[in-house]
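Everything on this sheet refers to the single structure shown next.
The values are calculated or read from the model by the stated rules, or taken from the named source; none is laboratory data. From a predicted model like this one, the values you see are computed outputs, not experimental measurements. No Cβ is skipped: glycine too gets one built from the backbone with ideal geometry, and neighbour counts run over all protein chains shown. To get the accessible areas, we keep the full protein, side chains included, count just its heavy atoms, and leave off ligands, DNA and RNA. Shrake-Rupley method; radii C 1.70, N 1.55, O 1.52, S 1.80 Å.
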Amino acid sequence: MQPTDHETELLIPLHVSYIKALDTKVDSLAYHLTTHLRMNGVYWGLTALEIMGEPQVLDKDQLVRFVLSCWDDQNGGFGSFPNHDSHILSTLSAIQILAMKDSLHVLEERGMKQTLVSFILSLQTPSGSFQGDKWGEEDTRFLYCSVSALALLGELDKLDRKRTVDHILRCGNFDGGFGRREGAESHSGQVFVCVAALSILESLDKVDVDKLGWWLCERQLDNGGLNGRPQKLEDVCYSWWVLSSLSMIKRLDWINAEKLSAFILSAQDPEGGGIADRPDNVTDVFHTNFGVAGLSLLGYRGLKQVDPTYCLPSEVVQKLGIERDYQRKR
Ligand code: GRG
Ligand code: ZN
């Protein structure tokens, strides 16, 4: 049987239309049920468009206005939607959107920047971990978001680096991976956040990268896809969490790129556009972004280079002067 186009080619125009259309479905129930993820959703959509070379599809002024409308005046930081409480997950996405639109300067101009930095720093606990908001859940995801946000704002020198790095290292496990907190199971998503934070904090030399590289490359299954931990199913988003980590520790060659690329392409919807978690499932903007970003790390033709530490176009990171060394596939 001959492979069809969507099994061999990234259907860029179709994915661009898919992302563009998400913005027009404002009357749907799904739109209203997902306001808590809106800022993240805009970041995922815009990042995918940037990597596919079509950033202008979303209007710059409208994006900046949306971000500013989510400012939480009471706590500092950004919520996911106007009048939502701030959280570090939406705050990092807001900063990333402004960075991609070359608009970080508006924070300073509007007198928001120092309040924002104080909000981020207020999330760190005495042990070095980070909460996501004032309510207290702690997770290495929130630590990464805080460290990345401070780096993008050029305010990393305000962070207690040693306390932060020590906490990340305590979340490392005997198998070479990292978990969400001390003693928690290794998971590829948590590996990404810990490795990327260590990369930003210039502390990757404190990691046994061969052991970690083995754990990461063992995530590839016979069907080419990657899973998040042993005995689990493959999922397109792990193409990002695993590959970016391998790239930061310069072991991108330890997985079979051709088989992974074929797996990601097979999860495209050749009619409606977008990429799903695995073939024949419903597509969403999260997996579309991480599928496209994964292909970019693999050097897929026609895509802009993505930075594995910040999950932003490399151009944006270079312009801010905060890039870290990593392995490129081309
Ligand atoms: C800017 C790229 C970027 C990220 C921001 C939120 C965040 C920081 C990182 C998330 C890292 C993470 C934990 C990703 C994993 C997400 C995922 C698919 C979780 C599913 O976990 P399970 O247990 O699935 O439901 P498995 O596959 O283990 O069965
Ligand atoms: Zn997934």
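Some notes on this structure:
- Condition check for F178: farther than 19 Å from T125 by Cβ and more than 16 Å from ligand 2 (Cβ to nearest atom): no
- When K250, K304 are checked against the criterion of being within 24 Å of E50 (Cβ to Cβ) and out of contact with any Cys (no Cβ under 9 Å at 6 or more places or on another chain), a single residue qualifies: K304.
- The residue that is surrounded by the most Cβ atoms within 10 Å (Cβ to Cβ), among those in segment 270-281 that are out of contact with any Leu (no Cβ under 6 Å at 6 or more places or on another chain) and touching a residue at least 60 places away in the same chain (Cβ under 8 Å), is I275.
- The helices (runs of 4 or more DSSP H) falling completely within segment 20-98 that include 2 or more residues that are touching a residue at least 60 places away in the same chain (Cβ under 8 Å) map to 38-51.
- Of all the residues in segment 100-119, those that are part of a helix (DSSP H, G or I) and open to solvent by 10 Å² or more (accessible area, probe 1.4 Å) number 10.
- Test: residue in segment 301-312 that is at pLDDT 95 or above, surrounded by fewer than 20 Cβ atoms within 10 Å (Cβ to Cβ) and within 15 Å of the chain's Cα centre (by Cα): yes
- The condition of being among the hydroxyl-bearing types (S, T, Y) and either modelled with pLDDT of 95 or more or crowded, with 19+ Cβ neighbours inside 10 Å (or both) does not hold for Y31.
- If the condition is being more than 13 Å from W215 (Cα to Cα) and within 16 Å of ligand 2 (Cβ to nearest atom), then segment 242-255 contributes only S244.
- Test: residue in segment 248-259 that is of a type in the set (G, A, S), open to solvent by 20 Å² or more (accessible area, probe 1.4 Å) and either more than 15 Å from ligand 1 (Cβ to nearest atom) or within 18 Å of V193 (Cα to Cα) (or both): yes
- Residue count for segment 201-222, restricted to those that are under 14 Å from K250 (Cα atoms) and charged (D, E, K, R): 4
- Residue check, A197 touching a helix residue (DSSP H, G or I) at 6+ places or on another chain (Cβ under 9 Å), within 15 Å of ligand 1 (Cβ to nearest atom) and touching a residue at least 12 places away in the same chain (Cβ under 8 Å): yes
Here's the yes/no breakdown for (1) within 10 Å of ligand 1 (Cβ to nearest atom); (2) open to solvent by 10 Å² or more (accessible area, probe 1.4 Å):
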position	(1), (2)
A184	no, yes
V191	yes, no
K206	no, yes
D210	no, yes
G213	no, no
L221	no, yes
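- Candidate set: segment 140-174, residues that are in contact with a helix residue (DSSP H, G or I) (Cβ under 8 Å, 6 or more places away or on another chain) and in a loop (DSSP other than H, G, I, E, B); chosen: the one farthest from K113 (Cα to Cα): C171
- Some residue of segment 212-225 being within 13 Å of S188 (Cα to Cα) and without any contact (Cβ under 8 Å) to a residue 12 or more places away in the chain: no
- Some residue of segment 227-235 being open to solvent by less than 20 Å² (accessible area, probe 1.4 Å) and among the aliphatic types (A, V, I, L, M): no
- Residue within segment 224-236 that is part of a helix (DSSP H, G or I) and under 28 Å from D277 (Cβ atoms) present: no
- Subset of segment 177-194 (residues that are touching a residue at least 24 places away in the same chain (Cβ under 8 Å) and of a type in the set (D, E)): E185
- V193 being β-branched (V, I, T) and either modelled with pLDDT under 95 or not in a helix (DSSP H, G or I) (or both): no
- Applying the criterion of being under 20 Å from I200 (Cα atoms) and of a type in the set (S, T, Y) to the residues of segment 280-313, the residue that is farthest from ligand 1 (Cβ to nearest atom) is T309.
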